[in-house]
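Visitor: I have a structure I would like to understand better, so I am pasting it below and will then ask my questions one at a time.
Here, each number is a calculation from the coordinates, and none is a lab measurement. Owing to the predicted nature of the structure, the values given are computational and were not obtained by experimental measurement. Cβ sites come from the backbone with ideal geometry, for glycine too, and all protein chains shown count toward neighbours.
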Amino acid sequence: MIVVVWVFFIVVFGVVEHLVDPDTYGTVWLGMWWGVETVTTVGYGDVVPQDSAGKVIAVFLMLGGLSLLAVVTGAITSAFVSRAEAERREGGDDPVMQRLEDMSAQLEQIKTELSGKR
């Protein structure tokens, strides 16, 4: 969903950039190429906005590109962690549960010792 939204923004801002700065971006396709470069944080430098409006658009695309990469990376990492956690639970090797069981046993032992001293 996020990728679809950013593809839409690339097309829109490519058109806007062509309309705002037609000398630098002679075609809409060149504007969209610049949008892709900017969102993906590649920034070849082959085309650069010359006016302030284009630079404001570039800032928005750069920040959006960084957030897009962060969200995609986070989603992939989360999927890996969830899968590893599920595999551990199925195998009975969940270290958190083992630690909780150990702590419960220790707590029961402490309770038994304290009740025996009364």
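Visitor: How do Trp6, Trp29, Trp34 rank when sorted from fewest to most other Cβ atoms within 10 Å of their own Cβ?
Guide: Trp29, Trp6, Trp34
Visitor: Residue by residue through the range 47-57, what is 3J(HN,Hα) from phi via Karplus (6.51 cos²θ - 1.76 cosθ + 1.60, θ = phi - 60°)? Round to whole Hz and write x for glycine and proline.
Guide: So the J values, rounded to whole Hz, are 9, 9, x, 9, 9, 5, 4, x, 5, 5, 4.
Visitor: Next question. Skipping prolines and chain starts, which residues have an amide H placed within reach, meaning under 5 Å, of the one on Gly43, given they are 5 or more residues away or on another chain?
Guide: Answer set, sorted by chain and number: Thr38.
Visitor: Starting at the first residue of the range 59-75, write each ³J(HN,Hα) from the Karplus equation 6.51 cos²θ - 1.76 cosθ + 1.60 with θ = phi - 60°, in whole Hz, x for Gly and Pro.
Guide: Along the range 59-75, the couplings run 4, 4, 5, 5, 5, x, x, 5, 5, 4, 5, 5, 5, 5, 4, x, 5 Hz.
Visitor: Compute the length gained on full extension between Val48 and Phe60: take 0.36 nm times their separation in residues and subtract their Cα-Cα distance, giving the result in nm to one decimal.
Guide: 2.9 nm
Visitor: While we're looking at this one, here's another question. Taking volume of the Cα convex hull per residue in Å³ straight from the coordinates, which label in [x] 181; [y] 162; [z] 120 is the correct one?
Guide: [y]
Visitor: Still on this model: Taking θ as phi - 60°, what are the ³J(HN,Hα) couplings along the range 3-9 by the Karplus curve (6.51, -1.76, 1.60), each to the nearest whole Hz, with x for Gly and Pro?
Guide: Coupling constants for the range 3-9: 5, 4, 4, 6, 5, 4, 4 Hz.
Visitor: Pick from Gln98, Gln50, Gln106: which residue has the top mean-square fluctuation in a GNM of the chain where Cα pairs under 10 Å get a spring?
Guide: Among Gln98, Gln50, Gln106, the largest mean-square fluctuation in the Gaussian network model of the chain belongs to Gln106.
Visitor: First measure r as the distance between the Cβ atoms of Trp29 and Ala86, then evaluate 1/(1 + (r/R0)^6) with R0 = 41 Å and state the FRET efficiency to the nearest 0.05.
Guide: Once rounded, the FRET efficiency stands at 0.35.
Visitor: Compute the helix-to-body angle for 28-39: its Cα long axis versus the longest principal axis of the chain, expressed 0 to 90° and rounded to tens.
Guide: Compared with the principal axis, the helix lies near 30 degrees.
Visitor: Continuing with the same structure: Who wins for biggest fluctuation among Met103, Met62, Met32 in a Gaussian network model of the chain, springs between alpha carbons below 10 Å?
Guide: Result: Met103 has the largest fluctuation of those listed.
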